[in-house]
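First the structure, in the form of structure tokens, and then the observations on it.
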Amino acid sequence: MRRPVAGNLRVSTAEQAESGAGLQRNERPVSTYAARTGLTVGRWCVDEAVSGSVLPTQRPAPAGVLATLADCRSGVLLVAKVDRIARKASDLLALRNLAEARGWALSAADG
């Protein structure tokens, strides 16, 4: 059985969202990383004009994906860079702890 994989894209401003360039800059490394590691992104969660200071669990797009990943207990949440999912180290650590507790993985394309 394949692991469910979700790609997370986030841009901070409405201008970035409207142009699409910021979202494309996020999507490209996630797709490349997924292909290189044999994963297939089955769902994209997109946050447009959302600050990185907002906790991932409090954003509409990732909150739904996190629930799905928790249900399957084997999925992967892929991000282009860790600052796309969390700005503060404490928020990133909390998300990493949530992933471990619920049986899914958090992975960043940039390492």
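Condition (residue is surrounded by fewer than 19 Cβ atoms within 10 Å (Cβ to Cβ), outside any loop (DSSP other than H, G, I, E, B), without any contact (Cβ under 8 Å) to a residue 40 or more places away in the chain and over 12 Å from the mean Cα position of the chain (by Cα)) applied to segment 73-81: is it met by at least one residue? Taking every residue of segment 73-81 in turn, none turns out to be surrounded by fewer than 19 Cβ atoms within 10 Å (Cβ to Cβ), outside any loop (DSSP other than H, G, I, E, B), without any contact (Cβ under 8 Å) to a residue 40 or more places away in the chain and over 12 Å from the mean Cα position of the chain (by Cα). Is there a residue in segment 12-31 that is closer than 14 Å to residue 108 by Cβ, of a type outside the set (D, E, K, R) and not in a helix (DSSP H, G or I)? No, segment 12-31 contains no residue that is closer than 14 Å to residue 108 by Cβ, of a type outside the set (D, E, K, R) and not in a helix (DSSP H, G or I).
Residue under question is residue 32, and the condition is that it be open to solvent by 20 Å² or more (accessible area, probe 1.4 Å) and either at pLDDT 85 or above or aromatic (Phe, Trp, Tyr) (or both); does it hold?
Yes.
Here is the figure for segment 35-57: residues that are within 18 Å of residue 96 (Cβ to Cβ), open to solvent by 30 Å² or more (accessible area, probe 1.4 Å) and either touching a residue at least 24 places away in the same chain (Cβ under 8 Å) or within 13 Å of the chain's Cα centre (by Cα) (or both) total 3. Restrict the check to segment 3-26 and report whether at least one residue is in contact with a helix residue (DSSP H, G or I) (Cβ under 7 Å, 6 or more places away or on another chain), at pLDDT below 85 and over 14 Å from residue 83 (Cα atoms). Scanning segment 3-26 turns up at least one residue that is in contact with a helix residue (DSSP H, G or I) (Cβ under 7 Å, 6 or more places away or on another chain), at pLDDT below 85 and over 14 Å from residue 83 (Cα atoms).
The values are calculated or read from the model by the stated rules, or taken from the named source; none is laboratory data. Computed from a predicted structure; not experimentally measured. Cβ: placed from backbone, ideal geometry, glycine included. Neighbour counts: every protein chain shown. Ligands, DNA and RNA are excluded from the accessible area calculation, which covers all protein heavy atoms including side chains. Shrake-Rupley method; radii C 1.70, N 1.55, O 1.52, S 1.80 Å.
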